[in-house]
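Single-structure report; data block below.
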Amino acid sequence: ISRSYALRMRGSGVYSDVGTDQLTQVYGGYSAELIPGFDRVKQAVDNTRGEVILYNGQIVEAYYHASAGGHTENSENIWSAALPYLRAVPSPYDQYAIRYPYQSGGWPANTYDWAKKITRSQLASIIMDWNSRRLKDGRVNEIIDIGSLEGIEISRLDANGKETASQRVTELKFIGTTGKKSFYRDNIRSILGLKSTLFDIEFDSKITVLDGNASKVSFNSLKDLKAIDGSGALDYVNPDSDDCFVIGKESTRNIARSFDSLTIKGRGHGHGIGLSQWGAQGMAAEKGANYKEIIRHYYTGVDIKRVY
């Protein structure tokens, strides 16, 4: 996989070419090769010498990531190009990471299942820092200028109006008092520093609406919302005086008018395209799959061929 990626990207540009620095690879030096078990890595390289992954006779863009969180995604729902060999597939063995002993920071279990809590003040600081860096870089079109934050909307729809196969988020929209600002596909990870786009957002106090387009809208304010009152009439909610409730099957809950924090609960680590490293390791360890079976699972319709 790494060989295919390197050969495909070779000479394709300053940001795509594979170099010797940490931008594209991390090599621990000869001492790293002395670590117990590393001989298997060298053996794998030697045994597959000259082999690459092909689609219609061309070396593929063999993207990979740490963990798909249970399911990979179609390439166009993460970046832009729809590549026929980068299709969404189940990745059930990603859970293999949970079985490993915890290391620094909860790794590797937190590559599969993770959560991030952000307070209201932290979110304001994140937006301010984002705007400052974008202004400094001259990328004013990416500035979030929406007034006071009132809600966040997430959508999982692809370009055809259907939900993404893995349930990854394709749009994150900040809703404020003076406007809205959206981020799309893999850019969503940048603004909030997330491990993946496979997540849900929970407010400590919230109103969540699931509309007909499979979009979840979470509000921390009752402004501009309509409700059906006791007489059956539809009217705007007065956020300063009206008390609103959600009537469920077993209980009735008051809707609070503000939130102090939000929690983002997600799965996976990385963009979610192509091979999942933990999923591949689990396939080998638990299913007994060989490298060709793993490659053909994660890269749709490909061939494996020795070219030198």
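Scanning residues 5 or more positions from ALA62 or on other chains, those with amide H under 5 Å from its amide H are TYR5, with H placed 1.01 Å from N in the peptide plane. Each peptide in 280-288, 60-68 receives the mean, over its residues, of other Cβ atoms within 10 Å, and ordering these scores from highest gives 60-68, 280-288.
3J(HN,Hα) couplings calculated from phi for the range 192-200 with the Karplus curve 6.51 cos²θ - 1.76 cosθ + 1.60 (θ = phi - 60°) are, in sequence order, 10, x, 9, 6, 7, 9, 9, 7, 10 Hz; Gly and Pro show x. Protection proxy ranking of 37-46, 114-123, by the mean of other Cβ atoms within 10 Å over each peptide's residues and highest first, is 114-123, 37-46.
Using a Förster radius of 45 Å, what is the FRET efficiency between SER121 and ARG49 based on their Cβ-Cβ separation? Nearest 0.05, please. Numbers along the way, then the final one.
Numbers: r = 55 Å, r/R0 = 1.23.
It comes to 0.20.
Residues whose amide H comes within less than 5 Å of that of LEU83, counting only those at least five positions distant or on another chain, are SER75, GLU76 (H built at 1.01 Å from N in the peptide plane). Fewest-first ordering of ARG99, ARG185 by other beta carbons within 10 Å of each residue's beta carbon gives ARG99, ARG185. Rounded to the nearest 0.05, the FRET efficiency derived from the C-beta distance between ASP204 and THR178 at R0 = 22 Å is 0.35. Counting Lys and Arg as +1 and Asp and Glu as -1 over every other residue whose Cβ lies under 14 Å from the Cβ of LEU135, the net charge comes to 0.
In nm², what is the average projected area of the convex hull enclosing the Cα atoms of the range 108-187?
Details: hull surface 28.1 nm².
Dividing the Cα hull surface by four gives the mean projection, 7.0 nm².
Ranking of VAL52, VAL89 by neighbouring Cβ atoms within 10 Å, starting from the fewest: VAL89, VAL52.
Just the number: Rg to Rh for the range 104-150, Cα atoms, Kirkwood Rh, two decimals.
Working: Rg = 15.0 Å, Rh = 13.0 Å.
Reported Rg/Rh, Kirkwood definition of Rh: 1.15.
How much length, in nm to one decimal, is gained on full extension between LYS265 and GLN58, taken as 0.36 nm per residue of separation minus their Cα-Cα distance? List each step's numbers first, then the result.
On the way: separation 207, 0.36 × 207 = 74.52 nm, distance 3.86 nm.
That works out to 70.7 nm of additional length.
Every number in this text was worked out from the coordinates using simple rules, so none of it is lab data. Quantities reported herein were computed from a predicted structural model and do not represent experimental measurements. No Cβ is skipped: glycine too gets one built from the backbone with ideal geometry, and neighbour counts run over all protein chains shown.
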